[in-house]
1. Restricting things to Cα coordinates, could you compute the convex hull volume per residue of chain B in Å³?
2. Compute the helix-to-body angle for A:233-242: its Cα long axis versus the longest principal axis of chain A, expressed 0 to 90° and rounded to tens.
3. How big is the gap, in Å, between the Cα center of the range A:512-543 and the Cα center of the range B:228-260?
4. If packing is taken as the average number of other Cβ atoms within 10 Å across a peptide's residues, how do B:9-21, A:270-282, A:470-482 rank, most packed first?
5. Mean Kyte-Doolittle of at least -1.0 plus a Cα span of 20 Å or more along the axis: flag which DSSP H helices in chain B meet both, please.
6. Using just the helices of the protein assembly as shown, give the 222 nm mean residue ellipticity in deg cm²/dmol: DSSP H runs with n ≥ 4 each add -39,500 (n - 2.57), and the total is spread over all residues, rounded to 500.
7. Let me confirm one metric for peptide B:43-52, namely the mean number of other chain beta-carbon atoms within 10 Å of its residues' beta-carbons.
8. May I ask which residue of A:Pro171, A:Asn221, A:Ala257 lies farthest towards the positive end of the charge dipole of the range A:163-312, with charges of +1 (Lys, Arg) and -1 (Asp, Glu) on Cβ and the Cα centre as origin?
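Taken together, the values in this text are just the output of simple stated rules run on the coordinates, not laboratory data. Quick caveat: nothing in here was measured; it's all calculated off a predicted structure. So basically every Cβ, Gly included, is an ideal-geometry build from the backbone, and we count neighbours across all protein chains shown.
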Amino acid sequence: MEKPFRSVVIAILCVGLLMVPVGAGVAGAAKAAGNLNLGVVADVKNLNPYMGYGSSETFVIGWVYDTLLGWDSNEGLVPGLADSWEIKDGGTSVEFKLNPNAKWHDGKPVTAEDVEFSFNFIREKRFPSFMAIIGNLAGAKAIDKHTVRVTFRSPSSNAVRFIATAPSILPKHIWSKIDDPRNYPNLDNPIGSGPCAVAERRDGQFITLKNLGNHYRSSLNVETITLRVLRDETMGIMALRRGDLDALLWSVDPAVAEEIDRNPKGYPNVKVAMAPSTSVRTLMFNLRRAPWNDVALRKAVSLAINQKELIDQVLLGYGSEQGPGLVVPSDLHYNKSLGPVPRDVAKAKAILDQAGYVDKNRDGIREDKNGKPMKLEILTGNLPTSINLAELLVYQIKQIGIDAYFTPLTAESLRNKEQAADFDAAVSSVSFSVPDMMFYYAHTSRGVINEGRVAGFNYGGYSSPEYDKLADAMLVEMNDQARIKLLRDMQARLAEAYYHVPLFSSNVLMLYRDDRFAGWTVEPDSCINNSTTYSNLVYKGGK
Amino acid sequence: MSGAYWARRLLQTALILFIVVTLNFFLPRLTPGTPAGHLYNDPRLSPEAKQEILAQFGLDKPLHVQYAVYLGNLLRGELGTSFSYRRPVSEIILSRIPWTLVLTLSSFLVSVALGVALGAAAAWKRGGHLDTILLSASIVVSALPSFWIAMILTLILAFYWPVFPAYGMVSPHVPVGWNWAFIGSVARHAFLPVLSMCIGGIVGYGILVRNSMVEISGEDFVRTARAKGLSENAALYRHALRNAMLPLVTRIGMSLSGLVGGATVIETIFSWEGMGLLIVEASRSLDYPLMQGTMLIMAVITILANLCADLAYARLDPRVKLK
């Protein structure tokens, strides 16, 4: 292991060791109190950890099963089922040391053989949700009872993060007997090694998780968690107001948050939690098309955009301005030198004049270098908020002399146009919470057109040899600090290209009650639905 | 009813069924998007991996081959495996139908019974208080969407005056089975959705019967019945109402398919896991086998309901001969 990485691991382990007594103190069943009721919109149809994709399913699977490591937005990888890990052979293998106290819910110990089985099971049974890494996953081998080595065909920092944090570890003694695991919903008494077991479940109605109180790491502080399925969001808000629920696990519409903020007496004990999301709304240009392949033109458009006005009008103020690096400030990899660019219409006009886009006939619309009036078609979704956003964008861009107009499309038609590279500009969104996405959204290879379709997500065809070099290096860089530096340099390249011009980042808005439980903790993106909240929650009493 | 009639009806039914089955296969595939799009649209996937995912869902083969597989499965009585539930479609549908029937059958029976009684009584005393109330109610109710009625009822009877549960089908911890606790819990949960559906139903059937009765009550045979000295009740129920039932039978026949199709809006509002919600869910997730299965069941029931309505017509109206 390289030195800087090793020091990070040691630091994390030290913090982990210091936290053990605290965690152990609160993890006991004797201290856990209160039944937490959470509203969800999605049913639990499948508790097969490798086939359950819905938000409620992943929530339950996350409590019933363990992953080798966890992910913290500030610290990066943190211990999970594995106490420690070491990257070996230049990044082609990782050795995990398991916590010796980990047990399956049926009392059997969790061993390296279970981990070996789980990874080889994923590879052999080819579960679709792991298809992206199956090609690079060479296999897993138990070294001793609590040590396992996972090997890759080629080094990849993403693969390490993905295999350590995404797949749940399954008990070999149960799953080795399942004949057709892809069609096994695992709804009856799933056995995991996580802090909770399923106590009761009714299709489409609710699922109750019981805190077993004997987990080696969890500090979950409530006796039970019940997810109540509410298909209608309005009914969910009414149920929360009535006190049937303690929180809603979906992001509510800004109008709902505004109503509660404005009229708190009408919603006693109901609070709005607000967290920045990792997703950024952007105006994406097609760099294959003239004149939008001219960076000066794109820069001028970016200077014409008033993010605050967009946030106030479209999100009722529940959002934040974003910088051109497209990574949000709450992210570990954020490049601090790339803050939001303030609107400057005069500067935008000067740039356009200097670049030769001048309004020669004085009709208020500039002409391009061929003397044609400058038009910009903006593709957008057909939902009311998307149309509202596009109307404002058109208004702002027109102020610098470009005849912008928008075309609303269904989500599928919009994607088809993007994939066919058939657009001038489109309202889009990017999320780089998984840093590798910076490769998939902007690397030259991901913008190549094959048989009329763009190969990847680089729909606008951004191409920069410097960016590609940084992105290629980032994918295989195993040293955390070096990788963060590469990611920040990539943001700087993206910022100067004005390929995706940032419009805003909307806030995640969740509702909760503070009369039965205290300790709700807001974190970026997950808002109140995060492990810190579940550790901090303290039952205050009440029915 | 001759043998030739039955042979022709069976042939017609088989033809309609074949068309339905074919549309059922192709229409979901015309919907924009890819099933399991959240898996398929992962930017990290190689073209080979994408192809493998399609193969796992049986979507890699040419459309005509998929169609042949679908027909073959249907002939064996198999509706396939749901993409999202990873369970047999027939099992999912069978688990939903009883719950849907709790809502639709109860609201249907209450609506028909009360609607017929009110409609007949209103027509018999045309211009009376009941008639005026029914006519006014029909104008008001037809202007109010069912989801609005449901929301208002919920606000009043579940939130401000919490007498009934606002959502769900049964309380947690109540043991499932034929016990009073379970039946009582289901009945309490079903009250508001059933009431929301009944209001429109009662008025709808009431107006239908009332208008039909008004037309019939002027006919000679009704006058004759009264002239013979029959009581008002006998003239109303034995003569007028029986003849006024024909449009009602047609309407009931048309409603039967809706009994299993569920009430999507009401099921969504009350989180009632019936067929209506299942159809919406299947369409949203582009779960082709589930879409096909639910639509097929609906189509078969519609075809059978129409057949039943034709037979009932022949029984009720001696002038109708099925040849």
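1. Roughly 196 Å³ of hull volume per residue.
2. Long axis of A:233-242 versus the principal axis of chain A: about 50 degrees.
3. Centre-to-centre (Cα) distance: 59 Å.
4. A:270-282, A:470-482, B:9-21
5. Once both thresholds are applied, what remains is B:3-30, B:89-124, B:129-143, B:180-217, B:241-261, B:288-316.
6. For the protein assembly as shown, the value works out to -15000 deg cm²/dmol.
7. Partner-chain Cβ atoms within 10 Å, mean over residues of B:43-52: 5.
8. The residue sitting farthest along the positive end of the dipole is A:Pro171.
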